[in-house]
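Everything on this sheet refers to the single structure shown next.
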Amino acid sequence: MHLKVISIAGLVFAFTLALTGCTASSTKSSAGGAAHGEALTADAPVASASAAAKADSGAGASNGNGPVLVNRSVIVTASITVRTDDIHKAVNAVETVAGEKGGVVYAEDVDLTPKQSDKPGNASATVTVKVPTDDADETLDAIAKIGTEVARSKDSQDVTTKVVDVNARIDAARASIARLTELMNHAGSVADLLSVENQLSQRDADLESLEQQQDSLKAQTSSATITVHLEATPPVVAAAHVSHKPGFVRGLVGGWHAFTATASAFFTGLGAALPFLAVVGVLAAAIFFGRRKLRARRPQES
């Protein structure tokens, strides 16, 4: 009987210990979870910024049906060559188109003087304009109508990842500056204060550099750069007339042309030489009659 009582008491004690162990384990697990949650909360801004950067970088990249460029940061550059009869008017027309599209003329190089007087087609001009990126195609089409389009090219460079990275680094730099400023207000010793000030100066310089990169990327992605090459239309040369006359007639016509050309050259030369021949004739006549008079006087004197 005593043995049974002891056995039952042992079982009850063991069961009590088991319950106590489970409760302690549950309590430790809860405490560990709470501490881990606090750590996650402390790191939440960094994780959120990283996740946001990745989300922004991949936003609109694909919807399962192919690439879709939505909310992307793209640098657009284009070039077009147009042939026109009047370079000066064409340059003014390009400036007008850029103004109508809300753009500006960025650079201009005009050469209205032909390299050779008999080849006016050598006159040219190069105009660089910047217009809103969304209006780049319409601007190219409008410029093409100024004259005859010869060539066109367009290039797009996706810099979305770079833009997102710079923006994230700017946010991190500003947060770091705020923390350092707070630390500087509570710095205990002079050494700590100098250390915080040095780090704060470095963060300010980094932030300024990042903001300059941000402004540059914003300017490049908001406006498309279009280079317009204007060429003067070369003069139209009449095609040479090809004769289809028979051989004899063609030879006769050719001989006649050769004869008239030769006669024309002969009489042209003769006309040019007549003034000289007249002077020579007068001098020769004077010499001839002078000598005759001298010969006539000599017998009479003898």
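The values are calculated or read from the model by the stated rules, or taken from the named source; none is laboratory data. Keep in mind that what you see is a predicted model, and the values were worked out from it rather than measured. Don't worry about glycine lacking a Cβ; one is built from the backbone with ideal geometry, like all the others, and counts go over all protein chains shown. Heads up: the accessible areas ignore ligands, DNA and RNA and are worked out on the full protein's heavy atoms, side chains in. Shrake-Rupley method; radii C 1.70, N 1.55, O 1.52, S 1.80 Å.
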Item checked: Heavy-atom accessible area order for ARG297, ARG83, ARG72, largest first, 1.4 Å probe -> ARG297, ARG83, ARG72
Check: Across the stretch 94-100, in residue order, what do the Karplus-derived ³J(HN,Hα) couplings come to in whole Hz, using 6.51 cos²θ - 1.76 cosθ + 1.60 with θ = phi - 60° and x for Gly and Pro?
Finding: 5, 4, 5, 4, 4, x, 5
Check: Taking 0.36 nm per intervening residue step and subtracting the Cα-Cα distance, what contour gain separates PHE266 from THR227 on full extension?
Finding: 8.2 nm
Checklist line | Accessible surface of PHE267 - all protein chains present, 1.4 Å probe, nearest 10 Å² | finding: 130
Notebook entry, point to check: Tell me, what is the 1.4 Å probe accessible area of LEU270, in Å² to the nearest 10?
Noted result: 70
Check: Given the pairs LYS89/LYS145; LYS89/LYS130; LYS154/LYS218; LYS130/LYS162; LYS130/LYS218, which span a C-alpha to C-alpha distance of over 18 angstrom in this model?
Finding: LYS89/LYS130; LYS154/LYS218; LYS130/LYS162
Check: Between ALA123 and residues 5 or more places away or on another chain, which pairs have amide H atoms under 5 Å apart, with H built 1.01 Å from N, and which residues are they?
Finding: LYS115, ALA232
Note to self: Below 11 angstrom from the Cβ of ASP206, what's the summed charge of the other residues (Lys, Arg +1; Asp, Glu -1)?
What the structure shows: 0
Check: To the nearest 0.05, how large is the calculated FRET efficiency for PHE259 and THR148 if R₀ is 30 Å and r is the Cβ-Cβ distance?
Finding: 0.05
Item checked: ALA175 paired with LEU274, simple spin-label distance in nm, labels 7 Å along Cα-to-beta-carbon -> 10.5
Next item on the list: Taking all protein chains together and a probe of 1.4 Å, list LYS145, LYS101, LYS218 from the most accessible to the least accessible.
Entry: LYS145, LYS218, LYS101
